[in-house]
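Written out below as structure tokens is the structure these notes cover.
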Amino acid sequence: MGLHIRLEVQVHHVDPEAWQRTFNESIILLQRFPAPLMRFEACKIGGFYRYQTTTEIFCSRGSEAEHWRISGDRTSGCRAESFKLYRYLHTYLPDPSALGFDWRSRNVDVLWASDENVTFPTGSGSELFGDKTQGYPYHYALLAVGILLENRFPGRCFVHGDFDRESAQHVLTWVNSVLGVDFDIPVCLDSERLYTRLAGLFEDQQLLIGRFKGLFLGPLQESMHVLVKCSDPDELYKYLLQQLRHYSSMSQPRVYRLLSAYFKETLAIDSLIDLVLSTPEFKADLNTSLENLLEMVCRHAITIDSAPPETQSCIDSALLLEKFVRLKPEMRLKFEDIISAHKKMRMDAFSSANTLLPEKEVDKKTQDPIYIGNQNDICQGESYLVDQIENHRKAAELESPEIIAEALGYYIGEALTDLQSKFNMSDLDYFRKLIIKGAQQNTIVLSREAWESIDCVEDIRLVKALAILILLNERGFNFSRWRIYLLEQKNLWPCFFKGANVGNAH
């Protein structure tokens, strides 16, 4: 489990020269990102690996394997899995002879998928991104690159993953501002554009609907609006019936959301009732299923006598009652109670709204003829990214870090006393090697700058304390977090050394 960014590209069918130009644009985006991006690297030192992060994100410059690689950002300190993008398209092709491939040879939309894969967010391209970002700030840098590639290579590339319209719109605003372009939001968030493209790829309506649902990242209600508007009603009914058969009860939240979305778009009570009666699991407990269905219908579309027609969905409560009583006459009183309770709730809510409704503010965007919609785009887009970075930075901070550093120092001081016979020597290089060995054994990853600071410590007492801290095979979440935070923050070392009773930091 985790949060992903996925990017699929038909690398065989993209112009290699256009790809290189777009690669250069991706570099601009990464360099302009509001926090320094970083990558993970492993360096071999004295037979052991040192794991570190660096803001030098460009690799193999000037070679056929030139690429950038990122796994987090320096400001928040958050990192997850690595993502990379190569300058040369042929790097993605398995056969060396592909250097001369004809990218114009085929015309298949990247959104197409085989019948058995229509519900999965994969297409007919190569997956260039697909790992986990855990939603850390570099997630948005990767989304920006995905937006760039999808717009530069329409039909050949699409970006997908764990993002919604709000975040994508902010990132899009930032990309457009930085590059001076007018790109579209990813197609997986544009319901009508997505459905139109897919309709040209799938003749089978069930495959078309399944593919649309598998790719669309927007709200359920919006997807249902497009399906009701664009698909064949009988085919949509068939699809919904197939989906409902995966569930055992009308009371399950996903069932409620699905039927609610369909009802709000169609007001088709008869179709709803038919769906319930045609689902064996729901029909087996028909009394409960009808109660749940009536509750849902009343919540969305029951009339109240004193409210204006334009403020409510027009379904007459008497007609609604008779439809349900026809199915279960013995439940008339129960159905009447449900309808009466919802009419009262709607009446109370309507009265309350009339009493408390504030004066409507004038929307300057629509009322002011001199309003310029894009004048603050770069501020709006970038401020969102800055907020995300800052929120993650604050979440990673420790409360009372000086106290924690001193407590860790005290703990290490006790260990030094217990291990005095083994740590009594004065060989500085020996303890430096212990630091390197312990870091590999415990998979400690620090910034390159933090390692350089550790390497510069000359006081053997302090090197011993750092060696024990790094050697401790303690996997607890809090200890691991505290250790990394302390090693990264050189300004906390005096507190640590004070607690360890080994002198002051040099």
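The values are calculated or read from the model by the stated rules, or taken from the named source; none is laboratory data. Just so it is clear, the structure is predicted and the values come from calculations on it, not from any experiment. So basically every Cβ, Gly included, is an ideal-geometry build from the backbone, and we count neighbours across all protein chains shown. For the accessible areas, the whole protein counts, side chains as well, though only heavy atoms, and no ligand, DNA or RNA atoms are used. Shrake-Rupley method; radii C 1.70, N 1.55, O 1.52, S 1.80 Å.
A few notes on this one:
- Across segment 435-456, the qualifying residues are those that are among the polar types (S, T, N, Q) and in contact (Cβ under 8 Å) with a residue 40 or more places away in the chain, and the one among them that is least open to solvent (accessible area, probe 1.4 Å) is S447.
- Figure legend. Inter-residue proximity from segment 457-468: first residues more than 11 Å from F497 (Cα to Cα) and among the hydrophobic types (A, V, I, L, M, F, W, C), second residues open to solvent by 30 Å² or more (accessible area, probe 1.4 Å) and not in a helix (DSSP H, G or I), beta-carbon distance below 7 Å, spacing 6+ or different chains. Indicated pairs: V457/H506; I460/S426.
- Tally, over segment 271-295, of residues that are surrounded by fewer than 18 Cβ atoms within 10 Å (Cβ to Cβ) and either part of a loop (DSSP other than H, G, I, E, B) or of a type in the set (A, V, I, L, M, F, W, C) (or both): 5
- Selected residue [surrounded by fewer than 23 Cβ atoms within 10 Å (Cβ to Cβ) and at pLDDT below 95] from D102, D182: D102
- All of I185, I147 fail the test of being in contact with a helix residue (DSSP H, G or I) (Cβ under 7 Å, 6 or more places away or on another chain), free of Cβ contacts under 8 Å to residues at least 60 places away in the same chain and over 30 Å from E235 (Cβ atoms), apart from I147.
- When segment 443-461 is filtered for residues that are part of a helix (DSSP H, G or I), farther than 26 Å from G476 by Cβ and not acidic (D, E), the ones remaining, listed by number, are R448, I460, R461.
- Single residue of G123, G135 found to be more than 29 Å from K394 (Cβ to Cβ) and either modelled with pLDDT under 95 or open to solvent by 10 Å² or more (accessible area, probe 1.4 Å) (or both): G123
- Total residues in segment 475-505 satisfying the condition of being under 31 Å from the mean Cα position of the chain (by Cα) and in a loop (DSSP other than H, G, I, E, B): the figure is 3.
- For segment 147-179, taking the residues that are touching a strand residue (DSSP E or B) at 6+ places or on another chain (Cβ under 9 Å) and of a type in the set (V, I, T), the one that is surrounded by the most Cβ atoms within 10 Å (Cβ to Cβ) is identified as V159.
- Taking (1) out of contact with any Leu (no Cβ under 8 Å at 6 or more places or on another chain); (2) not in a helix (DSSP H, G or I) in turn, T196 satisfies each apart from (2).
- K213 vs. criteria farther than 30 Å from V386 by Cβ and either under 21 Å from the mean Cα position of the chain (by Cα) or buried (at least 22 other Cβ atoms within 10 Å of the Cβ) (or both): yes
- Between P121, P154, the distinction of being touching a His at 6+ places or on another chain (Cβ under 8 Å) and either without any contact (Cβ under 8 Å) to a residue 24 or more places away in the chain or more than 18 Å from L172 (Cβ to Cβ) (or both) belongs to P121 only.
- Residue match in segment 463-470 (condition: open to solvent by 40 Å² or more (accessible area, probe 1.4 Å) and at pLDDT 90 or above): no
- Only one of Y262, Y239, Y256 that is at pLDDT below 95 and of a type in the set (F, W, Y): Y256
- For segment 219-249, a residue qualifies if it is touching an Asp or Glu at 6+ places or on another chain (Cβ under 8 Å), open to solvent by less than 60 Å² (accessible area, probe 1.4 Å) and not in a helix (DSSP H, G or I), and the qualifying residues are Y247, S249.
- When F479 is tested against the conditions (1) more than 21 Å from G72 (Cα to Cα); (2) open to solvent by 40 Å² or more (accessible area, probe 1.4 Å), the lone failure is (2).
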